[in-house]
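The values are calculated or read from the model by the stated rules, or taken from the named source; none is laboratory data. All values reported here derive from a predicted model rather than from experimental measurement. Cβ atoms come from the backbone with ideal geometry, glycine included; neighbour counts cover every protein chain shown. In case anyone asks, the SASA skips ligands and DNA or RNA and just uses the protein heavy atoms, side chains included. Shrake-Rupley method; radii C 1.70, N 1.55, O 1.52, S 1.80 Å.
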Amino acid sequence: MLEELKRQAGLSTTASTTMDNSSIQELQQPLLPSITCDPAPRAETPELGTPFPDAAFVESPRGWQLLLPPLPSVSAGLGEPDTPDLEDTSSCDSDSDYDGGDRLSPLLPHDHLGLAVFSVLCCFWPVGIAAFCLAHKHPSRQQQRQFPSLDDKPQFPGASAEFVDRLEFIQPNVISGIPIYRVMDRQGQILNASEDPHLPQEEVLKLYRSMTLLNTMDRILYESQRQGRISFYMTNYGEEGTHVGSAAALERTDLVFGQYREAGVLMYRDYPLELFMAQCYGNVSDPGKGRQMPVHYGCKERHFVTISSPLATQIPQAVGAAYAAKRANANQIVICYFGEGAASEGDAHAGFNFAATLECPIIFFCRNNGYAISTPTSEQYRGDGIAARGPGYGIMSIRVDGNDVFAVYNATKEARRRAVAENQPFLIEAMTYRIGHHSTSDDSSAYRSVDEVNYWDKQDHPISRLRQYLLSQGWWDEEQEKAWRKQSRRKVMEAFEQAERKPKPNPSLLFSDVYQEMPAQLRRQQEALARHLQTYGEHYPLDHFDK
């Protein structure tokens, strides 16, 4: 082959021998003048670099952390599996750290045989012949390599692990219970001064007033449903701390995807009581124009996406919104609320995996309240709750005391800061208890005892805990408590009476807000309804509807 190359180049054998030793030495130098070769010989059997960086999980008071070493630069060398040394720019085997003096250099082949072919194709015949000789003198490192011994770290791209020589299945209790982070005990006392968020008095009072106002609204609307005034309702008893504590840690522009038990987030964002009532009554003031079931709130101005009934559909939707915020560099995060029952839906898996792989700035906030309607957690899953699933997806996770509004606040605040700064998802599992029935369609006495409910209502309620903290700080007293309870009830009742007096939306709105131009078949349905009401209108309470 060497003689054929010489013949095609039109060169004599003596012509190739005229290349002195200095020319050969020049060819042995690196292709880029700014990088010099290290004279030290390489080991004959270097270790293969891992295709992905190692991942180590560390448990800290702030939750599980996924620690990743920096990604190495990728060598452009053909058949070069070594991981480049990022600290050593003197290596003659990698050009990946060059800062761009020679525009052609990234295109040049990085082995002698490749240089020979490249030179012949480009009519650099003398260089090609010399490189071909060097290729035979110094066989490819790829051929000299040997596989590492079985004692070395596995090189599979799908996971970072070690080899073992003993057959053993991983036990489900490999994690012996993720600890529950809290700031206050049940008496409202700060346990660790360094974890005290040191919120100003007015902010803590806003937290308390939002929680108690929500509680008052729940009681009145629950009784309203029982009296037949509205069709449906879901209370938030016992979970107020998860709503308000997390909402206080967010920016007002952060987008919220709720499930159906996050009214406290809107309450904290000053959503008017009149609109809460209008939505539950479905009257003319309802932003949804009476089309949704009660408690399916939404508010564009407060960045709260309208709630939909199907479980967990909001999870992948929230991830898409977070990905869009990342692409727009909007300095915004998305928070997605759901219960531990919804985490059993397939949408949860899709959402977690997309968020992790796309590195989306999102907080998954799971309210683990003990029951998925009537299914207790003991029948819902066998693992260690929802937070334990996070590391499996590569998601930072933490478990907090959901009845401790400060613990919820701290965890959400830190997760929000890091989600924006690092563009990665976080999972918060807030441990709490659903004191009320699942909804007005449920009777929880069929599957749990009254004593169980009374324990959480009397012994470990988030409102009671925060009230004790306020009393200990001298920011609240019994007189203020009585006055506020009276005032909050009056405010709710005024909004309630106002909503009840307002008419329902016009029936024609059933056909609007879907198409820009109404299709013919929908227009025919609208005309048919109009004829039906004209003929049989006396059988319908049309006087209750807006004209």
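Here are the numbers for this structure:
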read-out	value
Residues satisfying the stated conditions in region 213-233, i.e. within 14 Å of S488 (Cβ to Cβ) and either surrounded by fewer than 19 Cβ atoms within 10 Å (Cβ to Cβ) or free of Cβ contacts under 8 Å to residues at least 60 places away in the same chain (or both)	L214, R219, I220
Residues satisfying the stated conditions in region 388-410, i.e. part of a helix (DSSP H, G or I), open to solvent by 10 Å² or more (accessible area, probe 1.4 Å) and touching a residue at least 60 places away in the same chain (Cβ under 8 Å)	A388, P391, Y409, N410
Those residues of region 389-406 which are within 17 Å of Y337 (Cα to Cα) and among the hydrophobic types (A, V, I, L, M, F, W, C), in sequence order	I395, M396, I398, V400, V405
Number of positions in region 236-251 that are open to solvent by 10 Å² or more (accessible area, probe 1.4 Å) and in contact with a Leu (Cβ under 8 Å, 6 or more places away or on another chain)	1
Selection status of R465, modelled with pLDDT of 95 or more and closer than 14 Å to G241 by Cα	yes
Test result for Q201, in contact with a helix residue (DSSP H, G or I) (Cβ under 6 Å, 6 or more places away or on another chain) and open to solvent by 50 Å² or more (accessible area, probe 1.4 Å)	no
Selection within region 354-410 - at positive phi and of a type outside the set (V, I, T)	E359, G370, G385, G394
Residue list for region 482-538, filter: open to solvent by less than 100 Å² (accessible area, probe 1.4 Å), modelled with pLDDT of 95 or more and of a type in the set (F, W, Y)	W484, F496
Residue match in region 481-500 (condition: part of a loop (DSSP other than H, G, I, E, B) and in contact (Cβ under 8 Å) with a residue 24 or more places away in the chain)	no
1 or more residues open to solvent by 20 Å² or more (accessible area, probe 1.4 Å) and farther than 26 Å from S210 by Cβ: qualifying helices (runs of 4 or more DSSP H) within region 252-370	314-328, 346-358
Among residues of region 371-380, those that are of a type in the set (S, T, Y) and buried (at least 19 other Cβ atoms within 10 Å of the Cβ), counted	1
Condition met for E517 (outside any helix (DSSP H, G or I) and either more than 22 Å from S224 (Cα to Cα) or over 40 Å from the mean Cα position of the chain (by Cα) (or both))	yes
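Results for (1) free of Cβ contacts under 8 Å to residues at least 40 places away in the same chain; (2) within 37 Å of the chain's Cα centre (by Cα); (3) assigned to a helix (DSSP H, G or I), shown as yes or no for each residue.
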| position | (1), (2), (3) |
| --- | --- |
| S441 | no, yes, no |
| I463 | no, yes, yes |
| W475 | no, yes, no |
| E479 | yes, no, yes |
| S508 | yes, no, yes |
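Okay, residues lined up against (1) crowded, with 17+ Cβ neighbours inside 10 Å; (2) over 29 Å from V204 (Cα atoms):
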| residue | (1), (2) |
| --- | --- |
| A419 | yes, no |
| Q424 | yes, yes |
| A430 | yes, no |
| S441 | no, yes |
| Y447 | no, yes |
| V453 | yes, no |
| W456 | yes, no |
| R465 | yes, no |
